[in-house]
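Enquirer: Please see the structure below; I have some questions.
The values are calculated or read from the model by the stated rules, or taken from the named source; none is laboratory data. Quantities reported herein were computed from a predicted structural model and do not represent experimental measurements. Here the Cβ positions follow ideal geometry from the backbone for every residue, glycine too, while neighbour counts run over all protein chains shown. Side chains included, ligands, DNA and RNA excluded: accessible areas come from the protein's heavy atoms. Shrake-Rupley method; radii C 1.70, N 1.55, O 1.52, S 1.80 Å.
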Amino acid sequence: MRCWRGAKTPAYGQLVTLRPASNTPMVPGEDFVVRFESVGRDGFSLAASSPSGALSPILVPTSLLERSRFEPSGILWLATLQHYLVVSDDAGRADEHLPWLMQMDSAGRVDPSPIVVNGTDSFNDLESVALGDDDHIYLLSSQSYSKKGHRPSSRTMFYRVRRSGTVLNVDGAVALAEKLQTAPGALQALGLGADLDIEGMTAFGRGLLLGLKSPLDPRGHARLWLLPSPDVLFADGDVEKAGLTPFATLPLTVEIGGRAFAAGISELLLLPDGALLVAATPSGEPDPGPSGSLYVVDKPAPGLMHPRLLQRFPGHKPEGLSLSPHPGKVMVVFDEGNGPANFTEISWTKRSP
């Protein structure tokens, strides 16, 4: 008990002896990165390196930084482009809220030329991107109020974008939070008031899972919503017809200075074998500072879910998840605020039970 970080937070462990695989000479005080693998009940296994020295800087050309901020909040690998599409909280400098998506290669190098999305004048606080069918992707703004207490329509937009190579055209747009405000039945069913912050989104069957950064539920759990028919929403703007409903809740935390804080969802990724990756960052006010965690739910299902912790990222905010072109890897990108953005990759495999 003397080793517990808090008197009311039990912690258990066991002594582990690590034997290096080779006879490489070692010197006193030498550091190593150790990877632990945890296997779920269904045989899923994910492994993540120690955060110490594991993050790499995203390389952004000076020519792009002179034109735009780069704050990655969502990422999606497109095999047809052989690049990631990267969503930034905001794009532009002299002209803010430009309708740009960035391109990044598998080594973390950003292309100096952004992709201009046709059919809209601006993007404001984009937080997530998800793959639709073969021709579409979805883009979602945060739906949240700004630090100044403003929530213009541009911060509530939900886009469906048709893609053809590097040509992207908006062919559906809905002001989601505004639609919810005009549908009291939907708000009541979702358990919400006016405040809302959605930062996670991933394809789920023919629909989408949406992950809320805030508000948490009355128990302090993060919320997941299911949107089974996004095309219905874009067709007539009716959130109830589109079937937007609560799907699940899950307890998430981050650690800052040895203390645990309740966290919301900053990103989601459904793996090909059905497991759900969940990135978490602090939720609510006051903000305790930058920190993040990565969890996995082996078998996502309605109700209360029990995620397994994969890795803590003290001092860093994981905000984008994507399958990597490197087999068995997942790309994680970090929004570091005013500092240079980072990335890392984690491994995932499916093992026989």
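Enquirer: I'd like the full set of residues that are assigned to a loop (DSSP other than H, G, I, E, B) and surrounded by fewer than 17 Cβ atoms within 10 Å (Cβ to Cβ), limited to region 123-173. So that I can check it myself, show each step before the final result.
Expert: At the first step, the residues of region 123-173 found to be assigned to a loop (DSSP other than H, G, I, E, B) are 123-125, 132-135, 142-152, 165-166.
Matches in region 123-173: ASP133, ASP134, ASP135, TYR145, SER146, LYS147, LYS148, GLY149, HIS150, PRO152, GLY165, THR166.
Enquirer: Moving to a separate point now. Among the strands (runs of 3 or more DSSP E) lying completely within region 250-309, list those that include at least 1 residues that are closer than 13 Å to LEU224 by Cβ.
Expert: Per the criteria, 259-270, 276-282, 291-297.
Enquirer: Right, here's the next one. Among the numbered conditions (1) over 22 Å from PHE313 (Cα atoms); (2) of a type in the set (A, V, I, L, M, F, W, C); (3) open to solvent by less than 10 Å² (accessible area, probe 1.4 Å), tell me where VAL232 comes up short.
Expert: (3)
Enquirer: Something else about it: Would you point out which residue out of SER52, SER73 is among the hydroxyl-bearing types (Ser, Thr, Tyr), more than 22 Å from THR166 (Cβ to Cβ) and either surrounded by 15 or more Cβ atoms within 10 Å (Cβ to Cβ) or at pLDDT below 95 (or both)?
Expert: Values: SER73 fails: more than 22 Å from THR166 (Cβ to Cβ).
None of the others qualify; the one that does is SER52.
Enquirer: So GLY108 fits all but one of (1) surrounded by fewer than 21 Cβ atoms within 10 Å (Cβ to Cβ); (2) on the phi < 0 side of the Ramachandran plot; what number is the exception?
Expert: It fails just one condition, (2).
Enquirer: While we're here: Among the residues of region 89-105 satisfying the criterion of being under 18 Å from the mean Cα position of the chain (by Cα) and open to solvent by 10 Å² or more (accessible area, probe 1.4 Å), which is modelled with the highest pLDDT?
Expert: Of the residues in region 89-105, the ones under 18 Å from the mean Cα position of the chain (by Cα) are 89-90, 101-104.
From the residues that got through so far, the ones that are open to solvent by 10 Å² or more (accessible area, probe 1.4 Å) too are 89-90, 103.
Details: ASP89: 89, ASP90: 86, GLN103: 95.
Going through the qualifying residues, I end up with GLN103.
Enquirer: Next question, about the same structure. Within region 264-281, take every residue that is open to solvent by 10 Å² or more (accessible area, probe 1.4 Å) and modelled with pLDDT of 95 or more and give me the one that is nearest to the chain's Cα centre (by Cα).
Expert: Kept after step one, since they are open to solvent by 10 Å² or more (accessible area, probe 1.4 Å), are these residues of region 264-281: 269-270, 272-274.
Imposing the further condition that a residue be modelled with pLDDT of 95 or more reduces the set to 269-270.
Working: LEU269: 7, LEU270: 11 Å.
Across region 264-281, the extreme among qualifying residues is LEU269.
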